[in-house]
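J.: The structure follows.
The values are calculated or read from the model by the stated rules, or taken from the named source; none is laboratory data. Keep in mind it's a predicted model, so treat the numbers as computed, not measured. Cβ sites come from the backbone with ideal geometry, for glycine too, and all protein chains shown count toward neighbours.
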Amino acid sequence: MVSTITEAPRPQPNPSLSLVPPEPKESAVPQGLAATLLANARQMEVSVLVPVLSAHDLAQEFTARWPTYAALSSSTSYAMVAYLGIDKALALSAEALQYIKTVVREEFGHLDPQNLRGLHASLDTVGIVHEGITQFLDGGVTDIGEKGADYLVRTSSWLMSFWLCVHAVSHFENQPEASWRNNANVLCSWAFAYAQNAAVEWGMAELDLGLYSPLGDARK
Amino acid sequence: MAYDAVLSSSAHLFLNQLTGPERQDCRNTILHSLCGEVQPEDNVTRNAGFPYRPEVMERVVGQWHFWYTFLNNQTIGIARIYYSTSNPKHPFRPL
C-alpha cells in the first residue's frame with residue numbers, strides 16, 4: 001500500500017488583517033493616504049451605498065445614511081488635504097471627476113438613457129463649480145464673511161448629496177434586482193437637482209464676494 | 001426699468017463653454033429681455049421639495065434658465081445659467 005501525504009494548504013494571509021504593510025507601489029497617491037481612501041471606501045459601501053441602493057423607501061434611507069456619508073467623505077477630504085496639500089488635492093479631485101465621467105460614459109448603459117443624460121449634465125455642472133472653487137482658492141480670498149461662509153456650507157451640502165447619488169449609482173452594476181435599478185435611476189435625477197442647487201449656491205457666494213464678470217459691451 | 005447684469009464666475013464659465021451663436025443668443029437674452037423683465041418683487045419659489053430660499057429668483061426666457069439676485073437698484077447678479085427645457089441641449093427634454 002502506498003500512502004501519500006497530501007500537504008494541507010497553508011493559510012494565506014488575509015491582506016486586510018496583515019500587520020505587515022504591503023509592498024509600496026508606484027503611485028501618485030502616498031501609501032498612507034491610499035490606505036485611508038480604501039478603508040473609507042469599504043466603510044462607505046457597507047454602511048451607505050448598499051443600504052441606499054436596496055432601500056424600499058429611498059428618500060428615508062438617503063436621509064438616514066447622509067450623516068455617515070458626510071462624515072466619511074469629510075474624513076477622505078481632510079486626509080487628501082493633509083497628505084497632498086490643497087493644490088494637489090484639488091488636482092486629484094478634478095482628475096477623479098474626469099475618470100468618473102469616462103466610467104459613466106462607457107459603463108452605465110444599463111440605466112435609463114434620459115437619466116443618464118441628466119447624470120452627464122450634472123457632472124458637467126459640478127465640473128464648473130469645481131473650477132470656480134479652484135479659481136476662488138487660487139485668488140487667495142481669506143475673509144468671506146458670515147454670509148459667504150453660509151453659502152459655502154450650503155454649497156458643500158448640495159455637493160455632498162450629489163456625490164452620494166453618484167457614488168451609489170456607480171456602485172450599482174448589473175444587479176438583477178429591479179428595485180436597485182429603480183433606485184439608481186431615481187438617484188440620477190436627484191443628482192441633477194443637487195448639482196443645479198450647488199451651482200446656484202456657489203454662484204451666490206461668488207456674487208456675495210464680488211467675484212463677478214460684467215457682460216461687456218454686448219448691449220451696443 | 002432696465003437693469004444692468006453681471007455674472008458670477010460659475011455663470012461666466014457656463015457662458016464660455018457655449019458655442020459662439022449660443023453665447024451671443026444668451027447674452028442678448030440677458031441684456032435685451034431679462035434685464036427689462038425682472039422686478040424686485042419677483043419671488044419665484046424654487047423646485048418643490050428643496051429648501052425655499054427667498055433671495056434667489058428664477059426666470060426662464062427663451063432657451064435659457066436664469067437664477068439671479070438683485071445686487072442693488074440698478075444691477076442684477078446672475079448666479080447661474082442653464083438650458084431651459086425648450087433648449088434641445090436640456091438633458092431631460094424628450095428626444
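J.: Only helices (runs of 4 or more DSSP H) wholly contained in region A:103-220 count here; list those with 3 or more residues that are hydrophobic (A, V, I, L, M, F, W, C), over 20 Å from the mean Cα position of the chain (by Cα) and within 11 Å of another protein chain (Cβ to nearest Cβ). Please lay out each step first, then the result.
T.: Working: elements: A:113-138, A:145-171, A:178-208.
Hits in region A:103-220: A:178-208.
J.: Take A:GLY210 and tell me if it is touching a Ser or Thr at 6+ places or on another chain (Cβ under 6 Å) and farther than 20 Å from A:LEU116 by Cβ. Step through it out loud before you land on a result.
T.: Numbers: touching a Ser or Thr at 6+ places or on another chain (Cβ under 6 Å): no; farther than 20 Å from A:LEU116 by Cβ: yes.
Criteria not met by A:GLY210.
J.: Also: Residues to consider are A:THR6, A:THR68; find the one that is among the β-branched types (Val, Ile, Thr), at pLDDT below 80 and either surrounded by fewer than 10 Cβ atoms within 10 Å (Cβ to Cβ) or in contact with a Ser or Thr (Cβ under 6 Å, 6 or more places away or on another chain) (or both).
T.: Exactly one of A:THR6, A:THR68 is among the β-branched types (Val, Ile, Thr), at pLDDT below 80 and either surrounded by fewer than 10 Cβ atoms within 10 Å (Cβ to Cβ) or in contact with a Ser or Thr (Cβ under 6 Å, 6 or more places away or on another chain) (or both), namely A:THR6.
J.: Determine whether A:LYS25 is of a type in the set (D, E, K, R), at pLDDT below 95 and within 17 Å of the chain's Cα centre (by Cα).
T.: Values: of a type in the set (D, E, K, R): yes; at pLDDT below 95: yes; within 17 Å of the chain's Cα centre (by Cα): no.
So A:LYS25 does not fit the description; no.
J.: On to the next question. If you take the residues of region B:1-21 that are touching a residue at least 12 places away in the same chain (Cβ under 8 Å), within 20 Å of A:GLY203 (Cβ to Cβ) and not polar (S, T, N, Q), which of them is farthest from the other protein chains (Cβ to nearest Cβ)?
T.: First, pick out the residues of region B:1-21 that are touching a residue at least 12 places away in the same chain (Cβ under 8 Å): B:2-8, B:10-11, B:14-15.
Filter again for within 20 Å of A:GLY203 (Cβ to Cβ), leaving B:3-8, B:10-11, B:14-15.
Add one more test, that the residue is not polar (S, T, N, Q), and what stays is B:3-7, B:11, B:14-15.
Values: B:TYR3: 11, B:ASP4: 8, B:ALA5: 6, B:VAL6: 4, B:LEU7: 5, B:ALA11: 6, B:PHE14: 6, B:LEU15: 9 Å.
It comes out as B:TYR3.
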